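One structure is given below, encoded as structure tokens.
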Amino acid sequence: SDDATVLVETRGRVGLITLNRPKALNALNKATMDELVAAVTAFDADPGIGAVVITGSERAFAAGADIKEMASQSYMDMYAADWFRHWEDLTRLRIPLVAAVSGYALGGGCELAMMCDLIIAADTARFGQPEISLGVLPGMGGTQRLTRAVGKALAMDMILTGRQIDAEEALRAGLVSRVVPADRVLEEALEAAGTIAATSKPVAMLAKEAVGTAFETGVTHGVQIERRLFHSAFATEDQKEGMAAFVEKRTPDFHHR
Ligand code: HXC
């Protein structure tokens with residue numbers, strides 16, 4: 001409906017979620033994040049879907065958490081509702097997430113993009129954490145994920161001064177995976193998601209978990225976890241199929257189990 005804050009579609013094995021508050025530059029209010037988390041949760045559980053693309057409009061991926069919704073909240077309102085806590089559920093889902101970012105990805109919008117596994121940026125994309133100018137700080141993981149993605153120097157610069165970076169600087173800094181012309185960004189993200197979705201879903205989830213572990217632990221322990229996850233791939237039928245297909249010089253036919 002016209003009131004839907006997110007539009008949900010499927011393209012083959014790819015789930016496509018479009019943030020749908022273009023007039024508010026996709027400001028992330030509670031309703032939007034609830035619908036977004038519900039949509040990704042449903043795709044995660046759907047064996048027919050192997051990857052998800054999250055996108056916004058041409059002008060804005062998302063210009064942040066909804067300032068109008070937050071402006072009058074008290075500390076106790078924020079604390080009692082544990083504001084933003086369940087948005088973090090996005091990062092506990094196992095299905096690979098691809099962000100297709102055009103225009104502004106600011107504050108919570110940048111943080112939402114960073115909760116995704118790949119960020120594909122249009123050459124028009126702008127990333128920033130402007131919260132300091134509103135008298136707050138990033139609250140949806142920005143101080144942690146941006147710092148791990150780009151390092152302390154640039155993260156401090158962006159978070160303390162509010163400076164925005166463009167797509168090229170984001171690429172150099174390692175915040176995004178690819179930069180493409182704006183009119184190609186959704187196509188490129190759908191292609192990347194389609195490539196992921198054509199692989200074994202359970203094995204892609206193992207691979208995502210293994211890379212995610214690098215952000216949570218040291219290398220020695222992380223390599224042990226990787227080895228365990230690698231071993232567990234041998235419990236799937238898709239491993240047998242993938243390796244048999246290589247040996248027999250044919251294309252694998254994965255059944256996602
Ligand atoms: C609510 C927002 C919004 C936001 C834009 N709008 N961003 N509403 N929350 N974050 C609304 C505007 O109020 C306006 O509504 C309409 O979208 C168009 O925006 P304009 O400002 O008129 O557009 P423009 O002049 O082109 O400027 C674009 C902009 C600016 C530079 C992106 O909108 C802006 O600075 N937005 C706020 C960016 C920000 O500070 N984000 C961080 C939010 S705090 P009307 O009704 O006037 O047409 C945050 C906290 C994170 O994210 C903590 C955890 C999530």
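All but one of (1) within 12 Å of the ligand (Cβ to nearest atom); (2) over 16 Å from the mean Cα position of the chain (by Cα) hold for Phe127, so report the exception by its number.
Against the list (1) within 12 Å of the ligand (Cβ to nearest atom); (2) over 16 Å from the mean Cα position of the chain (by Cα), Phe127 comes up short only on (2).
Can you tell which of Leu171, Leu154 is free of Cβ contacts under 8 Å to residues at least 60 places away in the same chain, of a type outside the set (Gly, Ala, Ser), open to solvent by 40 Å² or more (accessible area, probe 1.4 Å) and not in a loop (DSSP other than H, G, I, E, B)?
On the way: Leu154 fails: open to solvent by 40 Å² or more (accessible area, probe 1.4 Å).
Just a single option satisfies the conditions, and that option is Leu171.
I'm checking my understanding of the structure. Among residues of the stretch 48-101 that are charged (D, E, K, R), without any contact (Cβ under 8 Å) to a residue 24 or more places away in the chain and not in a loop (DSSP other than H, G, I, E, B), which one is farthest from the ligand (Cβ to nearest atom)?
Initially, the stretch 48-101 is screened for residues charged (D, E, K, R), giving 58-59, 66, 68-69, 77, 82, 85, 88-89, 92, 94.
Remaining after also requiring without any contact (Cβ under 8 Å) to a residue 24 or more places away in the chain: 77, 82, 85, 92.
Then drop every residue that is not not in a loop (DSSP other than H, G, I, E, B), which leaves 77, 92.
Numbers: Asp77: 14, Arg92: 17 Å.
Filtering the stretch 48-101 for residues that are charged (D, E, K, R), without any contact (Cβ under 8 Å) to a residue 24 or more places away in the chain and not in a loop (DSSP other than H, G, I, E, B), the one farthest from the ligand (Cβ to nearest atom) comes out as Arg92.
Quick one: count up the residues across the stretch 31-47 that are surrounded by fewer than 17 Cβ atoms within 10 Å (Cβ to Cβ) and within 16 Å of the ligand (Cβ to nearest atom).
The qualifying residues number 2.
So which pairs qualify, if the first residue must be in the stretch 189-205 and at pLDDT 95 or above, the second must be hydroxyl-bearing (Ser, Thr, Tyr), the Cβ gap must be under 7 Å, and the two must be at least 6 apart or on different chains?
Ala189/Thr55; Ser200/Thr236; Pro202/Thr236; Val203/Thr236
If I ask for residues that are at pLDDT 95 or above and either on the phi > 0 side of the Ramachandran plot or touching a Cys at 6+ places or on another chain (Cβ under 8 Å) (or both), which ones from the stretch 73-120 would you list?
Leu97, Val98, Ala99, Gly103, Gly107, listed by residue number.
Could you check, for the stretch 106-117, whether at least one of its residues is more than 15 Å from the ligand (Cβ to nearest atom), more than 23 Å from Ala214 (Cα to Cα), surrounded by fewer than 24 Cβ atoms within 10 Å (Cβ to Cβ) and among the acidic types (Asp, Glu)?
no
The values are calculated or read from the model by the stated rules, or taken from the named source; none is laboratory data. Keep in mind that what you see is a predicted model, and the values were worked out from it rather than measured. Every residue, glycine among them, receives a Cβ derived from its backbone with ideal geometry; neighbour counts consider all protein chains shown. The accessibility values were calculated without ligands, DNA or RNA, using every heavy atom of the protein model including side chains. Shrake-Rupley method; radii C 1.70, N 1.55, O 1.52, S 1.80 Å.
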